[in-house]
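Please treat every number below as a calculation from the coordinates, not as lab data. Here the structure is a predicted model, which is why all the values come from computation and not from measurement. In this analysis, Cβ positions are derived from the backbone assuming ideal geometry, glycine residues included, and neighbour counts consider all displayed protein chains.
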Amino acid sequence: MPDWMINAPTPFNSVLVANRGEIAVRILKAAKESGLKGIAIYSDPDKNSLHVEIADDSVHLPGKSLSETYLNMELIISAAKESGAQAIHPGYGFLSERANFAKLVKDSGLIWIGPSSEAIETMGDKISARRRMIESNVPIIPGEELAIESGSNPLGVLATSAARVGYPLLVKASAGGGGKGMRAVHEPKMLRTEYEAAAREASAAFGDGTVYVERLLTGSRHVEIQVLCDQYGNSIHLNERDCSLQRRHQKVIEEAPSPAVTPEIRNNMGQAAIRAAKAVNYEGAGTVEFLLTSKGEFFFLEMNTRLQVEHPVTELITGIDLVQKQFEVAAGIPLNISQDEIGITGHSIEARIYAEDVSKGFLPAIGKLSMWRPPTTPGVRMDSGFREGDEVTIDFDPMLAKLIVHAPTREAALRRLDTALSEFVVLGVTTNVGFLREVSKSEAFSNGLVTTDYLDNISLEEFKEPEISDSILISIAAGASRFGLDRNLLSVNSEIIDEYSGHSGDPFKTLTRSYP
Amino acid sequence: MEWSIDNSGPRYTVNFSEKEGLLSLSKLISNGDEISFPEISLSKDQQSGRILVELDGVRSFAHVSRCDDEWWIHFQGRIYVTNMHEPGSKDSTLSEGSLSAPMPGTILDVMVKKGQRVREGQTLLVMEAMKMEHRIQAPRAGEVTEVYFQTGERVDMGANLVEISD
């Protein structure tokens, strides 16, 4: 057992990560660093994935679909038992916000690294979350629940509520998240189409087609507060993250601190977030999302009762390792940090690198990562579940990596981001790297003026990459062909075997002579 | 060998002059015409998958990787795809009027029937891939002459979904 765990009320020495990809890698690395045994789970397509490679132990989940594997609660519990895991970390997505899974983990005698199932349930249902926020004096967006009986025609009720809330509005799945099951309606005649799409997406993704309507606050920013709570009622916030740069409600670039948040807003929003967390007796790391209007008013959007994709920007500006803190809270260790110890050091920006073709309407791209050389500049962190040679398939989410930069000022962080993106060599699969460069350099983003509807209301022509003469590209390709670069396929990522010394990486190469 | 960019546009043939491992572009031909080009020379680098490019006197590295007939290039911070073709080969393009699946996925809804007239931009099918809905819309007005899939069926990338004629 690691030293820091010895006096913990509920100590554990091993953790099973019920996830895959970059977040599983992130958590397994944290476990290793903290002296905990890290256990991975994997389905067939992940047999050779990075998260399995770096884990101390791994358990295979037979089955084809996600519901047979990464969403299979019983199977994951037995994997934990079989491998001797004492705790389960759910990561984000998959089972992380399933209240019944949190309960099942605890009922099986394992430690759940996350909040209680009651907290997940209350916050997971947007309607109950809204009610709880009203009770706790946390401002919410004007909106209405729909009393739709199953089997009845919902359109009458919907239209009446929609008229009361006013257009433009959002039809939102009560169980939704991540932009799924959420549709904007700008005029009454589109209500039916968008309602049906939202309900269908919600049913497919969450097994629950219940929706509600709320006012669409255009021209607002998405600002969220990271909270950290222990089992003894101590709660602090770790400042905000600004995730206003979104495309169809999917975050593209996140940063901390927010260019739009003053110390006063930060304090008020932070206190509201702590009230929200306390309202459900929250434990561990969680995120309270708000919409911040141009007038500086803010409204509760939802609480994510788990680690967030964009958590690294908070880690970089506060110096706090959120995953380590999650381990400590789950072991019953008190927080031991007070709010006034939380500062902001510099500025951090995260860009989500997706396998997608921006020019084809952001279609997911697939293929083999034939070359993968991440930037190695100081102040650059990359979280990824991929390596050179890995196959990108449609089996899973198309996010390849998160590139996170940290610098003394926002301007310096923007320059560092652009440099890091430009140095990232990823070949064989189409990515959004070039698009991210252009967006991060756009006037609106570099001046910190982006609102959540920015990317949806602008022509993508604005972010076209600079052109290069055909003759240059053709020469490079033809030259590479002549040099036989395609004949090194077996030795990708390794130095060419030196023909004199017979081994790679010969240190005397720099002397332009080699010694036997 | 012939070369093109993004599998579209003109085909090129390339001549280099070679001297002690240094390749210098000496001739670039497209459609029988000589194309002008900047001063560019290339040499092999120690690191695998990388070549040294000297363009108008400025040296920088290009990372290059071959995937089938595609040659992927990372150069001056940007990523490009070039294509290699057998001389005289035809482009592989889909037949006119057919609409293919932009990605693998499942058909959620078929909103048109055979024989129906559709207007440009009209939604023909709704597909689901990676848990998101994608609407397949008519690229132009016309008559639906064939619908190949039904609701619930899985489709591969590039599969023909619908035929539209004028």
Report Rg (one decimal) and Dmax (nearest whole number) for the protein assembly as shown, counting Cα atoms only, units Å.
27.0, 86
Residues of type lysines that A:K172 reaches as a straight line, Cα spacing below 20 Å, ignoring anything fewer than 8 places off in the same chain
A:K126, A:K180, A:K189, A:K251, B:K131
May I ask which residue of A:S422, A:P466, A:T451 lies farthest towards the positive end of the charge dipole of the range A:413-474, with charges of +1 (Lys, Arg) and -1 (Asp, Glu) on Cβ and the Cα centre as origin?
A:S422
So how much slack lies between A:S469 and A:R387, counting 0.36 nm per residue of separation and subtracting their Cα-Cα distance, in nm?
26.4 nm
Counting other C-beta atoms within 10 Å, and keeping those with at most 11, which DSSP coil trypsin sites (Lys or Arg not before Pro) do you find in the range A:36-66?
A:K47, A:K64
extent check for the range A:3-113: Cα max minus min per principal axis, descending, whole Å, gives 42, 29, 23
What are the semi-axes of the equivalent ellipsoid for the range B:98-165, taken as the square roots of 5 times the Cα gyration tensor eigenvalues, largest first, in whole Å?
19, 11, 10
Between 0 and 90°, nearest 10: helix A:73-83 axis offset from chain A longest Cα axis:
50 degrees
What is the mean projected area of the alpha carbon convex hull for the range B:2-85, to one decimal in square nanometres?
5.9 nm²
At a temperature of 4 °C and a viscosity of 1.567 mPa s, determine how fast the range A:323-425 diffuses translationally according to Stokes-Einstein, using the Kirkwood radius over alpha-carbon pairs as Rh; express D in µm²/s, rounded to the nearest whole number.
80 µm²/s
Estimated inter-spin distance, A:L155 and B:Q47, nm [label 7 Å along Cα→Cβ]
6.1 nm
Just need the relative contact order of chain A here, percent rounded to a whole number, with Cα pairs under 8 Å and 6+ apart.
13 percent
A correct Stokes-Einstein calculation for chain B, using the alpha-carbon Kirkwood radius, 37 °C and 0.692 mPa s, returns a whole-number D in µm² s⁻¹ of 169 µm²/s
Just to check I understand the Karplus step: with θ = phi - 60° and J = 6.51 cos²θ - 1.76 cosθ + 1.60, what whole-Hz values come out for the range A:20-25, glycine and proline as x?
8, x, 4, 6, 5, 4
Compute the length gained on full extension between A:I134 and A:N7: take 0.36 nm times their separation in residues and subtract their Cα-Cα distance, giving the result in nm to one decimal.
41.8 nm
Using a Förster radius of 60 Å, what is the FRET efficiency between A:D321 and A:K189 based on their Cβ-Cβ separation? Nearest 0.05, please.
0.75
Reference-scaled alpha-carbon Rg (2.2 N^0.38 Å with N residues) for the range A:116-246
1.14
Selection of GluC sites (Glu not before Pro), the range B:1-88, meeting DSSP coil and at most 11 other Cβ within 10 Å:
B:E20, B:E39
Mind jotting down the distance between the C-alpha centroids of the range A:389-420 and the range B:104-121, whole Å?
37 Å
Scan the range B:100-166 for GluC sites (Glu not before Pro) in coil per DSSP, keeping those whose Cβ has at most 14 other Cβ atoms within 10 Å, and list them by number.
B:E120, B:E153
